[in-house]
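The values are calculated or read from the model by the stated rules, or taken from the named source; none is laboratory data. For clarity, every value in this text was computed on a predicted model and none was experimentally measured. Methodologically, a virtual Cβ is constructed for each residue, glycine included, from the backbone with ideal geometry; neighbour enumeration extends over all protein chains shown.
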Amino acid sequence: MALSTIGRALAELADSWTLLILQRAFLGVRRFAGWRDQLGISESVLAGRLRDMTAAGLLEVRPYRDGGRSRPEYWLTPRGLDLWSLLVAIWSWEREWVPREVPLPDLWHNGHTCDIALVCAACREVVTARDAATEQLLPPFAGSLPRVHPRRSRG
């Protein structure tokens, strides 16, 4: 069964380490040691995620010189950069709904705080779930749910 759009996205992104690596990449982390040290992630898990994210086209490897050695840096690709709005949406939801002792930082643009909103490309009005529609080509979450195996009865 083919994965739905949400199913395909979840297959590539539905992992907390992947999202945290992406978040740090948007904050300028490019090197293995930066992610390892900032996130406290094991080297084997980090190496696997970076490999998977590179294979998925989210990151690209660019060599840099460290002393006499060539080492890899990982840069967001255009596909990876397009995930900015997803991460900002998660941040916005977390600011609103997840209790914290210390609030999340604000997002700033031209000296003003920002919020996110989905707007209509034609009229620029804010779009909500109540007034949006989509053309459904595949069943929602098709292929992203585990298969149900029928039980055999003993007889």
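A few comments on the model shown:
- Going through (1) within 27 Å of residue 52 (Cβ to Cβ); (2) exposed (fewer than 10 other Cβ atoms within 10 Å of the Cβ); (3) modelled with pLDDT of 90 or more; (4) among the basic types (Lys, Arg) one by one, residue 124 falls short only on (1).
- Pairs where the first residue, in the stretch 95-109, is free of Cβ contacts under 8 Å to residues at least 24 places away in the same chain and under 20 Å from residue 85 (Cα atoms) and the second is of a type in the set (Phe, Trp, Tyr) and surrounded by 10 or more Cβ atoms within 10 Å (Cβ to Cβ), C-beta under 8 Å, 6+ apart: 104/91; 107/91
- A Cβ distance below 6 Å, combined with a sequence gap of six or more or placement on separate chains, defines the contacts here; from the stretch 7-19, residues that are over 13 Å from residue 53 (Cα atoms) reach no residue that is aliphatic (A, V, I, L, M).
- Helices (runs of 4 or more DSSP H) contained in the stretch 1-98 and holding at least 2 residues surrounded by 13 or more Cβ atoms within 10 Å (Cβ to Cβ) and modelled with pLDDT of 95 or more: 16-26, 32-39, 43-55, 78-81
- Restricting attention to the stretch 110-121, the residues that are free of Cβ contacts under 8 Å to residues at least 24 places away in the same chain and closer than 20 Å to residue 23 by Cα total 4.
- Count of the stretch 39-70 residues, restricted to those that are in contact (Cβ under 8 Å) with a residue 40 or more places away in the chain and under 17 Å from residue 28 (Cα atoms), is 1.
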